[in-house]
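The values are calculated or read from the model by the stated rules, or taken from the named source; none is laboratory data. Since we're looking at a predicted model, the values are computed, not measured. Neighbour counts are summed over all protein chains in view; Cβ atoms, including those assigned to glycine, are modelled from backbone coordinates with ideal geometry. For accessibility, only protein heavy atoms count, side chains too; no ligands or nucleic acids. Shrake-Rupley method; radii C 1.70, N 1.55, O 1.52, S 1.80 Å.
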Amino acid sequence: MAERINIGSGSPWEDIVGYSRAVRIGNIVELAGTTAIDGDTLIGKDDVYAQTKFILFKIEKTLQQAGASLTDVVRTRMFVTNIADWELVGKAHGEFFKKIKPVSTMVEVNKLIDKDMLVEIEVTAIVG
């Protein structure tokens, strides 16, 4: 069995809720839902495009910690609180994944954990 590597962000919620920022087993990396929170600050309040870009930068950094990169991403899942924002979210997604083209899902959700969060993204990567 491949070694399991849990990658944390340092958030106190990881221990309270019992989750990891990312988990790598073998060559597979799964990243938890990622929002535009930086410490205690929401980046891009009222700006879904800015939130999406920040999230994707954050995902890229976590992938690097897991020994992966954006080119290893095979699936993205985007949860938006207003599906009318799909073009702005899609534009930011395209800036990161235009040539990589992972399979992708975007769905509207009623709300996220904070009322000012407009988008949350998960990714799956296969390294190598």
Hz values of 3J(HN,Hα) by residue in the stretch 85-98 - Karplus curve (6.51, -1.76, 1.60), Gly and Pro given as x: 7, 4, 5, 5, 5, x, 4, 5, 4, x, 5, 8, 10, 3
For the chain, percent of DSSP beta bridges that are antiparallel (nearest 5) comes out at 80 percent
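Whole number in Å², please: accessible area per residue of the stretch 17-111, 1.4 Å probe, ligands, DNA and RNA not counted.
Counting only protein heavy atoms, the per-residue value for the stretch 17-111 is 55 Å².
Give me Rg/Rg_expected for the stretch 8-74, where Rg uses Cα atoms only and Rg_expected = 2.2 N^0.38 Å with N residues. Walk me through the numbers before you get to the answer.
Values: Rg = 12.6 Å, N = 67, 2.2 N^0.38 = 10.9 Å.
Compactness ratio reported: 1.16.
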Sum up the charges of everything whose Cβ sits under 11 Å from the Cβ of TYR49, counting Lys and Arg as +1 and Asp and Glu as -1, but leave TYR49 out. -3
For the stretch 3-61, which chymotrypsin sites (Phe, Trp or Tyr not before Pro) are in a loop by DSSP, counting at most 16 other Cβ atoms within 10 Å? TYR19
Long-range amide H contacts for MET106: which residues qualify at under 5 Å (H placed 1.01 Å from N, peptide plane, sequence gap of 5 or more or a different chain)? MET78
Leaving ligands, DNA and RNA out of it, report the carbon-plus-sulfur percent of the accessible area of the chain at a 1.4 Å probe. 53 percent
For GLY26, the residues 5 or more places away or on another chain with a placed amide H closer than 5 Å to its own amide H are GLU3
Whole-Hz ³J(HN,Hα) from phi, Karplus 6.51 cos²θ - 1.76 cosθ + 1.60, for the stretch 121-128, glycine and proline x: 10, 10, 9, 10, 10, 10, 7, x
The helix 48-65 Cα axis meets the longest alpha-carbon principal axis of the chain at an angle in degrees, between 0 and 90 and rounded to 10, of 10 degrees
Mind listing P(r) for the stretch 28-123? All alpha-carbon pairs, 10 Å bins, whole percents. 17, 54, 27, 2
